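Everything on this sheet refers to the single structure shown next.
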Amino acid sequence: MKYRNPDEQGFYGEFGGAYIPEMLYANVENLRRVYQDILDDPTFLKQYHDLLRDYVGRPSPLYYAKNLSTKYNTNIYLKREDLNHTGAHKINNTIGQILIAQRLGKKRIIAETGAGQHGVATATVCALMGLDCVVYMGAVDIERQAPNVARMKMMGATVVPAESGSKTLKDATNEAIRDWINNAEDTHYIIGSAIGPHPYPDMVTKLQAVVSEEIAKQIFEKTGKDYPDYVVACVGGGSNAAGAFYYFLEDERVKLILAEAAGKGIDSGHSAATSILGKKGVIHGCMTLLMQDEFGQIEEPYSLSAGLDYPGIGPMHAHLITTKRAKVYAATDDEAMQAVYELSKIEGIIPALETAHALAIIPRIGAKPDDNVVISLSGRGDKDLTTFMNYIPN
Amino acid sequence: MNKVRKAIEEKGSEVLNVYFTAGHPTVDKIVDIMQSLQENGVDLIELGLPYSDPLADGLAIQKSSEIALKNGLNLNILFEILKQSKNDLATPVIMMGYYNQMLQYGDEKFLDKAAAAGVSGFIIPDLPMNQYESQYLDKFKERDLSMSFLISPMTEGDRIRQADRLSDGFVYMVSQSSITGKTGEISDQQIQYFNRVKDMELESPRLIGFGIHDHNSFKTASAYADGAIVGSAFIRTLENGFSKEKVSSFIQSIRG
Ligand SMILES: Cc1ncc(COP(=O)(O)O)c(C=O)c1O
């Protein structure tokens, strides 16, 4: 088990840990003490899987994308997380965390969101369980993901704009952490990606792992092979990738591929290609790769997609990348946009802009005609329609 | 004994530690601000290293950090400024910054430069105590740099003991579970916490910070600890520019 589990302190190799101010220590430590027991508890597992089946609609299909496969001369399977209730993989994690929050006796939930998918998934489970919900969202993202803001509000959540820095995901995360410091006793913070202080990266990974558990079964049913040759996922903080990879992490036959957002180009100064542009450091409570200057000031990332412009990456992913277990490619805004239009036209599926980064790199990964390639179709594109309509192709 | 601990012990009570963000309102006033604080009898000066993502800080410190960074302040410039002025400054200077700043600068180089610039100690709120002990304690001691760890109302007893053992500056008592910059009255619940820690009879002196913003809160905090730390309130005073008069009337308003 080289890749799956962090050590006792939350380290995946040299990445992870919990670098937090003392005001957060009690909450994070409390969570660390109990999370594994809760995740293993049969009552929890039953509640979690019942909700995933009846409320979220799992298992999500693994769809053989015939036209896409023909086009790229390989076998492409789409793991349809876009068909989940609320339209993305994010809800797998929020269902699990709301059950954990209830067990901890918390009355109030906070979350950060970029594209708004995690915010919506959090607002949804809070409505379901009757808990107060406050979602922090960068002011820029509130503009570009308006439908998701409306959905959160309809479900009773309060959406608070983050006005600092680049007014995007990083800043929303800062505000959520500050809220947690101020409301440590009654509040649980549902982090939306495989980031943050230990135990969050591991907890979120394990709550998303259902995705690869299903892929393993489904790929066997469809191909007679019990593993895919490739699993490809886009990466912001890394939760959909973590979920799609988890069961294959120790299986070296499976090539793990991450797609980062290059924005306007890796060297353009407007990019979110964290693993390429980043160096080791601390962001939001964990040691990982992040975009920063020589003085450790965190840089403001850019991507047209609101869910990928995060200057860091989950510590598990940093470990997978630096040990070369996973390979990273970067797709630009334009490449992602072309992939959106391509999948829409040839498969009749409009993907989220984040997801499109994983589709955009298919021609580059080196898949052969006999290979089976699973792509994490992490979300649907409804939220991005305005961006799609305003896009002027280069 | 390091300079920070010595200054606290010599003063005995009502120790006043004043925080400001280096580079706010301007870079060229860093030394003037420190000298004014010294002239007004401040016991410790806490110099904040402006950071892009100050997680534990409220609006006043966030804004001042943003301005300081826009003003071009960085660690190279700051260490140079401090080095040039260190002979005119007897008041101990403590740097407060986030761990990533020390890490990226290169931790040994960071500590060497700080020591050469006359810095007496550090507060690094997101550096875990265990890691400090295993990786940094010796490096701090070799350079005669003190460390001060934070405790909060939610910190359990054995952890308070650990902070006490590892803090050779002082134990930084965060007055309430909050970020910096609150301006309310000190509550009974806070006083219970102050008393609970006082009764533990720690080895290290205790300074209370976060939300100490006027004479009343300073007096109350000082009654339950060796002194207090004022930050956001002082930064707000400097928002429209530095003057000696502003600093002295602010310090008088705190001390009373
Ligand atoms: C559809 C979709 N995919 C991917 C992401 C990126 O997040 P992560 O890297 O945690 O999967 C987001 C984030 O908002 C998203 O909405």
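Where a number appears in this text, it was derived from the coordinates with a stated rule and is not lab data. Keep in mind that what you see is a predicted model, and the values were worked out from it rather than measured. Don't worry about glycine lacking a Cβ; one is built from the backbone with ideal geometry, like all the others, and counts go over all protein chains shown.
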Dipole of the stretch A:1-129 (Lys/Arg Cβ +1, Asp/Glu Cβ -1, origin at the Cα centre): which of A:VAL56, A:ILE100, A:ILE20 lies farthest to the positive side? A:VAL56
Theoretical ellipticity at 222 nm over the protein assembly as shown - DSSP helices of four or more residues, -39500 (n - 2.57) apiece, nearest 500: -12500 deg cm²/dmol
How much space per residue, in cubic angstrom, does the convex hull of the C-alpha atoms of the stretch A:122-278 take up? 157 Å³
Grab every C-alpha pair in the stretch A:19-145, bin the distances at 10 angstrom width from 0 up to the longest one, and report whole percents. 11, 32, 32, 17, 6, 1
Counting other chain Cβ atoms within 10 Å of each Cβ in A:175-185 and taking the mean gives 4
Straight-line reach from A:LYS90: which lysines have a Cα under 22 Å away, not including same-chain ones fewer than 8 places off? A:LYS46, A:LYS79, A:LYS106, A:LYS107, A:LYS153, A:LYS167, A:LYS170, A:LYS206, A:LYS217, A:LYS383
Compare the Cα positions of B:LEU202, B:GLY231, B:SER148 along the charge dipole of the stretch B:84-235 (+1 at Cβ of Lys, Arg; -1 at Cβ of Asp, Glu; about the Cα centre) and return the one farthest towards the positive end. B:GLY231
Please average, across the residues of B:61-72, the number of beta carbons from any other chain that are within 10 Å of each residue's own beta carbon, and give a whole number. 1
Suppose we keep just the DSSP beta bridges with both residues in the protein assembly as shown; what percent of those would be antiparallel, to 5? 20 percent
Could you work out Rg/(2.2 N^0.38 Å) for chain A, with Rg from alpha carbons only? 0.89
With a 10 Å cut-off between alpha carbons and a GNM built on chain A, which of A:GLU294, A:GLU252, A:GLU335 moves the most? A:GLU294
Out of B:ALA116, B:ALA221, B:ALA163, a Gaussian network model of chain B with alpha-carbon springs under 10 Å gives the largest mean-square fluctuation to B:ALA116
Hey, got the dipole for chain B? About the Cα centre, +1 on K and R Cβ, -1 on D and E Cβ, debye to the nearest 20? 300 debye
Which of these, B:LEU69, B:LEU166, B:LEU103, has the largest mean-square fluctuation under a Gaussian network model of chain B (Cα springs below 10 Å)? B:LEU103
With θ taken as phi - 60° and the coefficients 6.51, -1.76 and 1.60, list the Karplus ³J(HN,Hα) couplings across the stretch B:124-129 in order, rounded to whole Hz; mark glycine and proline as x. 10, x, 9, 8, x, 4
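What does the charge count near A:ALA127 come to, summing +1 for each Lys or Arg and -1 for each Asp or Glu among other residues with Cβ under 12 Å from its Cβ?
Charge balance near A:ALA127 sits at +1.
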Show which aspartates and glutamates lie in cross-link reach of B:LYS11 when reach means a straight Cα distance below 19 angstrom and same-chain residues fewer than eight apart are skipped. B:GLU39, B:ASP43, B:GLU46, B:ASP168, B:GLU201, B:GLU203, B:ASP226
Over the residues of the stretch A:253-332, compute the C-alpha Rg and express it relative to 2.2 N^0.38 Å. 1.04
When you look at the Cβ of every residue in B:93-100, what mean number of other chain Cβ atoms sits within 10 Å? 3
Percent of C-alpha pairs per 10 Å bin, the stretch B:3-255, short to long: 7, 34, 40, 17, 1
Lysines near B:LYS113 by alpha-carbon distance under 16 Å, same-chain residues fewer than 8 away left out - which ones? B:LYS83, B:LYS86, B:LYS139, B:LYS141
Can you give the net charge of the other residues whose Cβ lies under 11 Å from the Cβ of B:SER120, counting K and R as +1 and D and E as -1? +2
So, over other residues within a Cβ distance under 12 Å of B:TYR132, counting Lys, Arg +1 and Asp, Glu -1, the net charge is -2
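Nothing charged except the Cβ atoms of Lys and Arg (+1) and of Asp and Glu (-1): what's the magnitude of the dipole of chain A about its Cα centre? Round to the nearest 20 debye.
About 820 debye.
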Please report, largest first and rounded to whole Å, the three semi-axes of the ellipsoid equivalent to the stretch A:41-88, where each semi-axis is the square root of five times an eigenvalue of the C-alpha gyration tensor. 31, 11, 6
